[in-house]
Amino acid sequence: MLYLQLSPMLMNISAFDIKERYNKLARKDTIFSYLGSLTHHELNHVLKSIELLLTNNYSSKGLKKKLFNLLIEITQNLFNYLNNPRLEDRNAVFVFMTESDNTYKIITGNYLLNSEVAGIKTRIEMINSLNNEELRELYRSILDIGIVSTAGGAGLGLVDLARKSGRKLSYRFEEVDDKFSFFTLEVTFTND
Amino acid sequence: MNNYTLTPTPKTPRLYFNGQNGEFEISGRSIPENSIEFYKPLLEWLDKYIESPCDETKLSVNLEYFNTSSSKCLVEILRKLERVHEIKPVNVKWHYEEEDEDMMESGEDFKKIIKVPIELVVVKGDND
């Protein structure tokens, strides 16, 4: 009799499935969701769909602008990150928006390299440790540097999300295999 | 000097930079994925403008949305105007809608880091 033994690495790959994670997140309070790659065309489609949804369902211009601002930043951060050729074919992402009792959550998921996890985690923890006034100071000091920094928009992006949402950033890293992890980021905004 | 103008698109603003009378305008949306590429020609135009600016330069910023990569480019534009301001008067009007506290705070950010007079101008909502 022949037994087929899966290598631990293969088992890990089969253990993580973005579609399964996406289905698990879909809830009654989901008002927008997207699963797929994020080419320029798809990014435009996501942004247009969300804007239409906000325009049709929210009478408060302030709220609509707040949510769209957060969505632009978070989806464009993803788009820019996905340019990284080292991601190989790991280009699937998801974007969720949920609404419950005047609290809005934007949740995104994407793959990244294991080697990047520590850096991003440190950065989010640093941002989460700051109060509103300190966040503003940090934002201004990065802005002051202008376009000299080659890091793209991401340096300012997370700070912007924390500042505009007024809440701590929630995140989760899950190791997928010896090369990739999966990153879930959750931005919360309460309209009060 | 020639003008630098661009018509707006769903992701990029109207740019109207009049080199003869010094009236400049940035309005609409500035949310391109590659802001640096978009603003580079304007920054080059401003380098030439700095050499012989008008007696007075007025920039009106009236944006509905802008992303963080555009904000870095706005800093660069305002830095060019700082240099103009060393020889000729410059003033900037930063418009924001009443309900848009993020846009107001952004105006305050620029005011804090740029050495050109920036006036925050509230635009009343149209209650739609």
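List of remarks:
- Looking only at region A:47-83, and only at residues there that are free of Cβ contacts under 8 Å to residues at least 12 places away in the same chain and farther than 25 Å from B:V122 by Cα, the one that is surrounded by the fewest Cβ atoms within 10 Å (Cβ to Cβ): A:N56
- The condition (being in a helix (DSSP H, G or I) and more than 9 Å from chain A (Cβ to nearest Cβ)) is satisfied by just one residue among B:E119, B:E105, B:E76, B:E44: B:E44.
- Taking region B:47-60 as the range and being in contact (Cβ under 8 Å) with a residue 40 or more places away in the chain and either at the interface with another protein chain (Cβ under 9 Å from one of its Cβ atoms) or not small (G, A, S) (or both) as the test, the residues that pass are B:K48, B:Y49.
- The sole residue among A:T122, A:T103, A:T108 that is farther than 23 Å from A:L156 by Cβ, under 18 Å from the mean Cα position of the chain (by Cα) and not charged (D, E, K, R) is A:T103.
For every residue, the table says whether it meets (1) acidic (D, E); (2) free of Cβ contacts under 8 Å to residues at least 12 places away in the same chain; (3) within 14 Å of another protein chain (Cβ to nearest Cβ); (4) surrounded by fewer than 19 Cβ atoms within 10 Å (Cβ to Cβ).
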site	(1), (2), (3), (4)
B:Y4	no, no, no, yes
B:T7	no, yes, no, yes
B:F17	no, no, no, no
B:R29	no, no, yes, no
B:I36	no, no, yes, yes
B:L81	no, no, yes, no
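- Some residue of region A:134-143 being over 22 Å from A:L43 (Cβ atoms), assigned to a helix (DSSP H, G or I) and among the aromatic types (F, W, Y): yes
- Boolean, B:K111 is of a type in the set (K, R), in contact with a strand residue (DSSP E or B) (Cβ under 7 Å, 6 or more places away or on another chain) and assigned to a helix (DSSP H, G or I): yes
Since every read-out is calculated from the coordinates, none of them should be taken as a lab result. What you see is a predicted model, and the numbers here were worked out from it, not measured in a lab. All Cβ positions, even for glycine, are placed from backbone atoms using ideal geometry, and neighbour counts span all protein chains on display.
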